[in-house]
Amino acid sequence: MCGIVGYVGDSNAYDILIKGLHRLEYRGYDSAGVALINADGKLNVYKAIGKVSNLESFCTEKDVKGGTGIAHTRWATHGEPSDCNAHPHFSEDGEIALVHNGTIENYKVLKDALIENGCKFVSETDTEVLVQLIEYIKKHTKCPLLDAVREALRQVIGAYAIAVIDKNNPDTIIAARKSSPLVIGIGNNEMFIGSDATPIVEYTKEVVYLNDNEIAVVSKNAPLKIINLDNEEAKIDVRSLELSISQLEKGGYPHFMLKEIFEQHATLRDCIRGRVIDGGRNVIVSGVMDSKEKFLNAKRIIIVACGTSWHAALIGKYLFQDMCRIPVEVEYASEFRYSNPVIDERDLVIAISQSGETADTLAAIQMAREAGAYVYGISNVVGSSIPRNTDAGTYIHVGPEIGVASTKAFTGQVMVQTLIAMAIAELKGTMPKEKLVEIGQEILKIPEYVKQTLKLNDQIERLSLIFTYAHNFLYLGRGYSYPVALEGALKLKEISYIHAEGYPAAEMKHGPIALIDAEMPTVIIAPNDHLYEKIVSNVQQVKARHGSVIAIVTEGDKEIRNLADHVIEVPAVPECLTPIITSIPLQLLSYYIAVNKGKNVDMPRNLAKSVTVE
Ligand code: AGP
């Protein structure tokens with residue numbers, strides 16, 4: 001989704017802003033732009049459809065000097081991707097420029113009122129209304145920019161993170177947020193703004209995460225000031241960034257996605273560190289300890305999430321039910337929030353999100369909290385909105401995930417849920433201690449099992465060549481492997497644009513079996529678990545219809561090996577840990593198919609890494 005960068009200081013803002021826009025590319029976008037105030041106090045705005053590199057080409061030989069600027073990558077919502085609809089938008093008098101991430105729901109009413117009062121609009125965006133409204137208020141009330149921004153925001157319904165500059169006040173950026181993220185970086189006589197910390201980390205480790213309904217005055221030579229919409233001064237909470245530049249680079253890999261797949265042995269080690277102790281005998285998840293009573297008294301767990309995180313949530317359902325004997329419901333956050341859900345204070349809601357910024361998940365959290373439920377967050381991005389809007393939670397600690405297709409976050413989310421389920425099972429006494437210890441010991445070996453699984457890379461790369469031009473794929477699994485099938489299909493769809501469907505294997509005969517023929521490959525996730533014999537029959541059913549089967553099986557498998565066309569053998573692990581291992585070959589398969597097709601693996605068309613609008 002849209003990305004914002006801002007800089008005010010003595011360096012050339014343009015260089016910092018362009019670098020920042022490149023860092024934000026992973027979020028997904030279709031156009032980019034920059035606004036700069038030069039030394040003569042002139043406000044220059046440059047925009048270009050397409051990649052940030054197009055903007056750079058457009059800016060060659062333009063005046064890009066100046067120590068104050070804001071920049072933006074746009075992911076179109078209102079109005080098609082075009083130079084004109086790209087941000088920054090500027091006021092009719094050309095004095096104020098603004099960038100925005102979010103949606104202004106009442107923009108039509110505001111726009112009509114402004115047009116009636118003589119304002120002229122040039123774009124089709126909802127954003128332009130904000131900058132015109134700010135100018136209108138400033139002109140008519142003769143107030144400073146800060147007051148005009150505050151007044152304009154009081155009239156706005158919707159979600160926003162904005163950064164505004166005014167050529168009459170060249171050393172200051174006004175920034176504000178509601179439901180869309182914004183981070184401010186504090187440097188030495190220079191300040192930075194970012195939709196997340198990635199464009200900032202190179203310059204400073206000191207950051208302030210803006211809260212909803214806050215407006216920041218970000219100046220070169222004055223301390224940061226934050227007020228709320230009622231003009232009351234807010235507390236400034238300076239945090240230290242735990243992020244390094246190397247985490248934001250490809251590190252020799254051709255794509256972030258491949259790097260992130262290959263990092264999983266290390267990311268899972270980080271995720272487990274300090275949580276599985278005493279050689280696997282004990283599991284400690286501090287968030288769970290802080291919420292002990294809530295977990296023990298929960299009559300039901302509702303897990304809300306979107307996309308890949310929702311697939312991880314489905315695995316959570318099996319984990320919490322199996323280990324803790326608590327009924328679990330898994331909901332798409334976008335459906336949950338509009339389904340008039342029945343929730344009360346004995347419900348425990350778990351929200352899962354890699355980015356911690358997904359708009360629908362945030363809205364579901366708010367709704368659950370208003371209904372009295374206790375909300376527990378599972379996120380990756382430290383300081384993001386979800387951990388700040390939940391009662392307690394756990395970070396998955398897998399490091400920044402830049403590839404749009406989620407890989408290491410998925411395995412981290414599954415791992416954290418496993419640990420939480422084990423911690424609760426121990427507290428509730430719903431599982432024999434020996435069984436918990438056995439799983440704990442195996443969890444400590446997971447990084448090693450993942451390393452072994454990654455050795456399948458070459459086999460899967462070769463296999464991908466056979467299936468690159470298939471038009472449809474079916475992914476089947478049962479029990480813990482059913483969400484893995486859904487996730488495998490999603491991975492393939494989003495980066496290779498091949499249609500793929502994930503299905504519970506036994507449901508196949510209630511419909512999808514009609515699709516099976518020699519043209520359509522079926523990927524069957526069939527580790528050696530309690531449903532193994534059942535899935536063997538599903539493989540037979542596909543083969544009986546001349547379907548081609550790629551099977552993910554446990555090392556040493558005998559039966560499926562004789563039936564399937566292609567077999568990928570993964571290390572044996574306890575059933576509850578199989579999703580972590582079986583999902584890896586599927587990540588690699590979709591990666592190589594997309595690469596073979598020449599697709600932009602890290603930034604697939606139309607997709608955004610962090611979905612901050614509904
Ligand atoms: C995963 O590959 C997708 N890009 C997408 O489904 C993602 O998981 C979803 O948008 C949820 O994001 P979140 O985990 O940051 O909330």
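The values are calculated or read from the model by the stated rules, or taken from the named source; none is laboratory data. Just so it is clear, the model here is predicted, and its values are computed rather than measured. Note that each Cβ is placed from the backbone with ideal geometry, even for glycine, and that neighbours are counted across all protein chains shown. We work out accessible area using only protein heavy atoms, side chains counted, and drop any ligands, DNA or RNA first. Shrake-Rupley method; radii C 1.70, N 1.55, O 1.52, S 1.80 Å.
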**Prompt:** residue 421 passes all but one of (1) more than 16 Å from the ligand (Cβ to nearest atom); (2) closer than 24 Å to residue 560 by Cβ; which number fails?
**Reply:** (2)
**Request:** Identify all residues within region 449-468 that are farther than 20 Å from residue 495 by Cα and β-branched (Val, Ile, Thr); write none if there are none.
**Result:** 450, 453
**Message:** Just to verify a result, which residue in region 355-383, among those that are open to solvent by less than 30 Å² (accessible area, probe 1.4 Å) and hydroxyl-bearing (Ser, Thr, Tyr), is farthest from the ligand (Cβ to nearest atom)?
**Reply:** 376
**Residues that are out of contact with any Asp or Glu (no Cβ under 8 Å at 6 or more places or on another chain), small (Gly, Ala, Ser) and within 15 Å of the ligand (Cβ to nearest atom), drawn from region 591-614** = 594, 608
**Asked** Which of (1) part of a loop (DSSP other than H, G, I, E, B); (2) buried (at least 22 other Cβ atoms within 10 Å of the Cβ); (3) at pLDDT 95 or above does residue 196 not meet, given it meets every other one?
**Response** (3)
**Fill in**
Over region 19-48, the set of residues hydrophobic (A, V, I, L, M, F, W, C) and within 29 Å of the chain's Cα centre (by Cα) is 21, 24, 32, 34, 35, 48
**Fill in**
When region 129-187 is checked residue by residue, the ones that are open to solvent by 50 Å² or more (accessible area, probe 1.4 Å) and either part of a strand (DSSP E or B) or farther than 25 Å from residue 41 by Cβ (or both) are 154, 155, 157, 178
**Asked** From the residues in region 425-477 that are of a type in the set (Asp, Glu) and closer than 30 Å to residue 298 by Cβ, which one is surrounded by the most Cβ atoms within 10 Å (Cβ to Cβ)?
**Response** 426
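For the structure I just gave you, tell me whether residue 164 is out of contact with any helix residue (DSSP H, G or I) (no Cβ under 9 Å at 6 or more places or on another chain) and more than 24 Å from residue 358 (Cβ to Cβ).
Values: out of contact with any helix residue (DSSP H, G or I) (no Cβ under 9 Å at 6 or more places or on another chain): no; more than 24 Å from residue 358 (Cβ to Cβ): yes.
So residue 164 does not fit the description; no.
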**Request:** Would you check which residues across region 563-607 are among the polar types (S, T, N, Q) and modelled with pLDDT under 95 and list them?
**Result:** 600, 606
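In region 481-533, which residues are farther than 16 Å from residue 582 by Cα, in a loop (DSSP other than H, G, I, E, B) and open to solvent by less than 10 Å² (accessible area, probe 1.4 Å)?
Here is the first cut: in region 481-533, the residues farther than 16 Å from residue 582 by Cα are 493-501, 506-521, 533.
Applying the additional criterion that residues be in a loop (DSSP other than H, G, I, E, B) yields 497-498, 511, 516-520.
Across region 481-533, the qualifying residue is only 498.
Residue check: is residue 290 in contact with a strand residue (DSSP E or B) (Cβ under 9 Å, 6 or more places away or on another chain), in contact (Cβ under 8 Å) with a residue 40 or more places away in the chain, within 30 Å of residue 437 (Cβ to Cβ) and more than 16 Å from the ligand (Cβ to nearest atom)?
Numbers: in contact with a strand residue (DSSP E or B) (Cβ under 9 Å, 6 or more places away or on another chain): yes; in contact (Cβ under 8 Å) with a residue 40 or more places away in the chain: yes; within 30 Å of residue 437 (Cβ to Cβ): yes; more than 16 Å from the ligand (Cβ to nearest atom): yes.
When the stated conditions are applied, residue 290 passes them.
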**Request:** Those residues that are more than 10 Å from the ligand (Cβ to nearest atom) and open to solvent by 10 Å² or more (accessible area, probe 1.4 Å), I need them from region 395-417; list them, please.
**Result:** 395, 397, 399, 400, 402
**Request:** Could you pull out the residue among 206, 202, 190, 232 that is under 17 Å from residue 25 (Cα atoms), open to solvent by 10 Å² or more (accessible area, probe 1.4 Å) and not small (Gly, Ala, Ser)?
**Result:** 202
**Item:** Which listed residue is outside any loop (DSSP other than H, G, I, E, B), open to solvent by less than 10 Å² (accessible area, probe 1.4 Å) and of a type in the set (Ser, Thr, Tyr), from 14, 26, 7
**Value:** 7
**Residues located in region 296-310, provided they are out of contact with any Lys or Arg (no Cβ under 8 Å at 6 or more places or on another chain) and open to solvent by 20 Å² or more (accessible area, probe 1.4 Å)** = 306, 307, 310
**Prompt:** Out of all the residues in region 97-111, which are part of a helix (DSSP H, G or I), touching a helix residue (DSSP H, G or I) at 6+ places or on another chain (Cβ under 6 Å) and either under 13 Å from residue 165 (Cα atoms) or of a type in the set (D, E, K, R) (or both)?
**Reply:** 111
**Request:** Could you please tell me which pairs satisfy a Cβ distance under 8 Å, a separation of 6+ or placement on different chains, a first residue in region 137-161 that is more than 27 Å from residue 75 (Cβ to Cβ), and a second residue that is among the basic types (Lys, Arg) and modelled with pLDDT under 95?
**Result:** none
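Kindly check whether there is at least one residue in region 543-550 that is buried (at least 16 other Cβ atoms within 10 Å of the Cβ), basic (Lys, Arg), in contact with a strand residue (DSSP E or B) (Cβ under 9 Å, 6 or more places away or on another chain) and in a helix (DSSP H, G or I).
Just the residues of region 543-550 that are buried (at least 16 other Cβ atoms within 10 Å of the Cβ), to begin with: 543, 547-550.
This time we only want the ones that are basic (Lys, Arg), so: 543.
Cutting the leftovers down to in contact with a strand residue (DSSP E or B) (Cβ under 9 Å, 6 or more places away or on another chain) gives us 543.
Now restrict to residues that are in a helix (DSSP H, G or I): 543.
Yes, there is a match, as at least one residue in region 543-550 is buried (at least 16 other Cβ atoms within 10 Å of the Cβ), basic (Lys, Arg), in contact with a strand residue (DSSP E or B) (Cβ under 9 Å, 6 or more places away or on another chain) and in a helix (DSSP H, G or I).
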**Complete set of residues in region 76-96 that are within 19 Å of residue 165 (Cα to Cα), open to solvent by 30 Å² or more (accessible area, probe 1.4 Å) and in contact (Cβ under 8 Å) with a residue 60 or more places away in the chain** = 95
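I'm checking my understanding of the structure. Among residues of region 323-335 that are surrounded by fewer than 17 Cβ atoms within 10 Å (Cβ to Cβ) and among the acidic types (Asp, Glu), which one is nearest to the ligand (Cβ to nearest atom)? Break it down stepwise before answering.
Narrowing region 323-335 to residues surrounded by fewer than 17 Cβ atoms within 10 Å (Cβ to Cβ): 325, 327, 329, 335.
When the remaining residues are screened for being among the acidic types (Asp, Glu), the result is 329, 335.
Details: 329: 18, 335: 14 Å.
Here the residue is 335.
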**Asked** Can we say residue 338 is aromatic (Phe, Trp, Tyr), surrounded by fewer than 24 Cβ atoms within 10 Å (Cβ to Cβ), away from the ligand (no atom under 16 Å from the Cβ) and free of Cβ contacts under 8 Å to residues at least 12 places away in the same chain?
**Response** yes
**Asked** If residue 308 passes every condition in (1) of a type in the set (Ser, Thr, Tyr); (2) within 16 Å of the ligand (Cβ to nearest atom); (3) under 19 Å from residue 370 (Cα atoms) but one, which one does it miss?
**Response** (3)
**Request:** Could you look through region 242-295, keep only residues that are under 30 Å from residue 19 (Cα atoms) and of a type in the set (Asp, Glu), and pick out the one that is least open to solvent (accessible area, probe 1.4 Å)?
**Result:** 260
